[in-house]
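Working notes, beginning with the structure itself.
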Amino acid sequence: MEEHSAGPLVPAVKPEPSRTTAAATSGETSSASLSEPDKDFLCPICMQIIKDAFLTACGHSFCYMCIITHLRNKSDCPCCGHYLTNTNLFPNFLLDKLLKKTSARQISKTASPVEHFRQAMQQGCDVTIKELDTLLSLLTEKKKKMEQEEAERNMQILLDFLQCLRKQKVDELKEVQMDLQFIKEDIGAVEKHRMDLYRARDRYSVKLRMLDDSSGRKSWHSSMDQNSSGLISSPLNLRGGLSSGSHTKKNDGKSQISSHGHGFQRKDAINGSDSQFINQSSLALVRKKRVHTQFNDLQECYLQKRRHAADKPRSQQERDINFISREGYSAGLEDFQSVLTTFTRYSRLRVIAELRHGDIFHTANIVSSIEFDRDDDLFATAGVSRRIKVFDFSAVVNEPTDVHCPVVEMSTRSKLSCLSWNKYAKNQIASSDYEGIVTVWDVTTRKSLMEYEEHEKRAWSVDFSRTDPSMLVSGSDDCKVKIWCTNQEASVLNIDMKANICCVKYNPGSGNYIAVGSADHHIHYYDLRNISRPVHVFNGHRKAVSYVKFLSNDELASASTDSTLRLWDVKENLPVRTFRGHANEKNFVGLTVSSEYIACGSETNEVFVYHKDISKPLTWHRFGSPDMDEAEDEAGSYFISAVCWKSDRPTILTANSQGTIKVLVLAA
């Protein structure tokens, strides 16, 4: 509805009607007067123009089908109510004729000149041959004019398209020329840096050869001194006879052995350096092969970083100029080299330890969460077995056994969904469970310090703040996010949302910001100092957001049941990249991040590792079934349920729905 102003209106002077206006008004009046009788041609039942008019004994006219249908139910006239039957209906020929004439008149009013001409020709209008020739010439000229106008319109459309295409291609050419300039500059910088490295390597090689030669001379001189001393002392020991001679021979033998031994050592050193060179060469070939395999993604990454560095503000460029003068590298090239190095460094995941999480008292072995403590010495697991188990990482890796006993074990009332270690207090760990209870545990005493029971439904996620060790956040199916303090028995802050909360996470650089993943497919980024509305809502996932993790203060990774991971910039509120390769449509499969890598599980019972700057998987590892005779369809029902990096090291803890825990390490 339109809103009209309630204020006073400015008065306007009414203009005097002109002759044209008066004529138009009289024309409208006459047309209205002509159209008024049309109301008498309407059927009182259907309110449409009467078709097949029939007259009743009481003098009213109706459509034949309308009045017949009416008389099937009632026996009266719809207009006056008099008694009426089918025998009292008569055809109204006069009204039918009037209706046909009226219809023809209305058609003639709205018909085009061509239609009038066609009707005139059909009605046998007398036209001479000369008049027909004139009409044909007019029609021919009209046709040519219309064809000309149509051709001009088509040419204009084609011209607009070509101009738009030229502009687009010119822009692309400028971009390509700029990219080529970047590549040319970077090739020069890399070649210069490589030559510097070659010269440095040659200098080191010369120094090493000099050291080897000096050590060889020293050993040779010492052996010669020993031989000469033996020869000089032998005449003085003539009384010894054969014994002295044999002693001299022994010394000679020893000197020969020592000299030959030194030769063997140098040969071994040379052979070792050759084998090391061969290994380095083969490793370089493997890394080059990885580059060609992911060439398109790496090309996009290089151009993006190079263009971004070129678009930096002047103050930043001045800082970069100082950097270029020192290293010969642009900031974009330096960033890409770091990406290329970390991306090609690893190609597979190697198992270094494996253990079974299940026990004889619980058949359900799904590990819902697995987390390292503050110092990465211990890791804790939790799941549907209603137990928190804490293991010694070094013992798991170094002791060759599949069954490892936890150093601490704590029982809970309900199935557990999430764990979070306190990053300051090494002995504190928080848990959330299926009854909505958030518990803070003391691992040393194996007792709960605080229990929060305000959530009305299952709590999916809990997280300790990295900047304030007394604060933690939780999210639940009751659509509420709650902030807790370990010094208080009740929540200190409550955020009501419209959908189920699947995950929550504190920003590692500030205790004021949290990221909330929801079943509404969005990520809500809140400033806890003003919870009336989120700072930003990140859109892009097509299904529920199951995990959120911070790579840094500005980078946020998210996982969803739409089988994608996404990277976001929470500083600029922009999407950065989408990762695809794993399968995740219904289960919580885990998500973990480091400074450069992102890892997640898959419903194919595989662990996937991504580099944060490349959208395709870096590598993956499939969990094998412990039962060799297990059916393939049953094995396919298992999935990865939890993953966790060990700080910024290439080691990752993984667990699946069977209760199998593996320690994997990235390898070349």
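The number of residues in the stretch 423-450 that are open to solvent by 80 Å² or more (accessible area, probe 1.4 Å) and in contact with a Pro (Cβ under 8 Å, 6 or more places away or on another chain) comes to 1.
Within the stretch 381-402, the set of residues being open to solvent by less than 10 Å² (accessible area, probe 1.4 Å) and either more than 29 Å from the chain's Cα centre (by Cα) or β-branched (Val, Ile, Thr) (or both) comprises 381, 385, 388, 390, 391, 396. One residue stands out among those in the stretch 408-422 that are of a type outside the set (D, E, K, R), outside any strand (DSSP E or B) and more than 31 Å from the chain's Cα centre (by Cα): the one that is surrounded by the most Cβ atoms within 10 Å (Cβ to Cβ), which is 412. Which one is least open to solvent (accessible area, probe 1.4 Å), of the residues in the stretch 461-507 that are of a type in the set (Lys, Arg) and in a strand (DSSP E or B)? Result: 482.
Give me the pairs: first residue in the stretch 433-445 and among the acidic types (Asp, Glu), second residue part of a strand (DSSP E or B) and open to solvent by 70 Å² or more (accessible area, probe 1.4 Å), beta-carbon distance under 7 Å, and six or more apart or on different chains, which are they? What qualifies is 442/449. The residue of the stretch 56-92 that is surrounded by the most Cβ atoms within 10 Å (Cβ to Cβ), among those that are in contact with a Ser or Thr (Cβ under 8 Å, 6 or more places away or on another chain) and within 19 Å of residue 102 (Cα to Cα), is 62.
Somewhere in the stretch 451-458, is a residue in a strand (DSSP E or B), touching a Ser or Thr at 6+ places or on another chain (Cβ under 6 Å) and open to solvent by less than 40 Å² (accessible area, probe 1.4 Å)?
Checking the stretch 451-458: not a single residue is in a strand (DSSP E or B), touching a Ser or Thr at 6+ places or on another chain (Cβ under 6 Å) and open to solvent by less than 40 Å² (accessible area, probe 1.4 Å).
Evaluation of residue 628 against the conditions (1) assigned to a loop (DSSP other than H, G, I, E, B); (2) open to solvent by 10 Å² or more (accessible area, probe 1.4 Å); (3) at pLDDT 90 or above shows that the sole unmet condition is (3). Among the residues of the stretch 181-213, those that are of a type in the set (A, V, I, L, M, F, W, C), under 30 Å from residue 309 (Cβ atoms) and open to solvent by less than 90 Å² (accessible area, probe 1.4 Å) comprise 182, 183, 189, 190, 195, 200.
Condition first: among the hydroxyl-bearing types (Ser, Thr, Tyr) and either crowded, with 22+ Cβ neighbours inside 10 Å or under 18 Å from residue 518 (Cα atoms) (or both). Now tell me which residues in the stretch 579-596 satisfy that.
The answer is 592, and nothing else.
For the stretch 555-573, the set of residues classified as within 20 Å of residue 647 (Cα to Cα) and open to solvent by 40 Å² or more (accessible area, probe 1.4 Å) consists of 555 only.
Collect the residues in the stretch 330-352 that are of a type in the set (A, V, I, L, M, F, W, C) and either buried (at least 17 other Cβ atoms within 10 Å of the Cβ) or modelled with pLDDT under 90 (or both), keeping them in residue-number order. Residues satisfying the conditions are 331, 333, 336, 339, 340, 343, 349. Being assigned to a strand (DSSP E or B), over 26 Å from residue 340 (Cα atoms) and among the polar types (S, T, N, Q) narrows it down to one of 532, 510, 546, 558, so name that one. Testing whether each residue is assigned to a strand (DSSP E or B), over 26 Å from residue 340 (Cα atoms) and among the polar types (S, T, N, Q) leaves just 546.
One residue stands out among those in the stretch 103-132 that are of a type in the set (S, T, N, Q), over 28 Å from residue 40 (Cα atoms) and open to solvent by 100 Å² or more (accessible area, probe 1.4 Å): the one that is modelled with the highest pLDDT, which is 122. For the stretch 636-668, filtering for residues that are in contact with a helix residue (DSSP H, G or I) (Cβ under 7 Å, 6 or more places away or on another chain) and open to solvent by 10 Å² or more (accessible area, probe 1.4 Å) leaves 1.
Within the stretch 598-615, the set of residues being open to solvent by 20 Å² or more (accessible area, probe 1.4 Å) and part of a strand (DSSP E or B) comprises just one member, 606. Within the stretch 536-554, the set of residues being exposed (fewer than 15 other Cβ atoms within 10 Å of the Cβ) and touching an Asp or Glu at 6+ places or on another chain (Cβ under 8 Å) comprises 542, 554. Listed by first and then second residue, the pairs linking a residue in the stretch 637-658 that is over 14 Å from residue 384 (Cβ atoms) to a residue that is among the aliphatic types (A, V, I, L, M) and surrounded by fewer than 19 Cβ atoms within 10 Å (Cβ to Cβ), with Cβ atoms under 9 Å apart and 6 or more places separating them unless they lie on different chains, are 649/665; 650/665; 650/667; 651/352; 651/397; 651/665; 652/665. Selection of the stretch 508-535 for residues being surrounded by fewer than 20 Cβ atoms within 10 Å (Cβ to Cβ) and of a type in the set (S, T, N, Q) yields 510, 512, 530, 532.
The residues of the stretch 431-450 that are under 29 Å from the mean Cα position of the chain (by Cα) and part of a strand (DSSP E or B), listed by number, are 431, 432, 433.
The values are calculated or read from the model by the stated rules, or taken from the named source; none is laboratory data. All values derive from a computational prediction rather than experimental measurement. Neighbour counts run over all protein chains shown; Cβ positions are idealised from the backbone, glycine included. Surface accessibility is based on the protein's heavy atoms, side chains included, excluding ligands, DNA and RNA. Shrake-Rupley method; radii C 1.70, N 1.55, O 1.52, S 1.80 Å.
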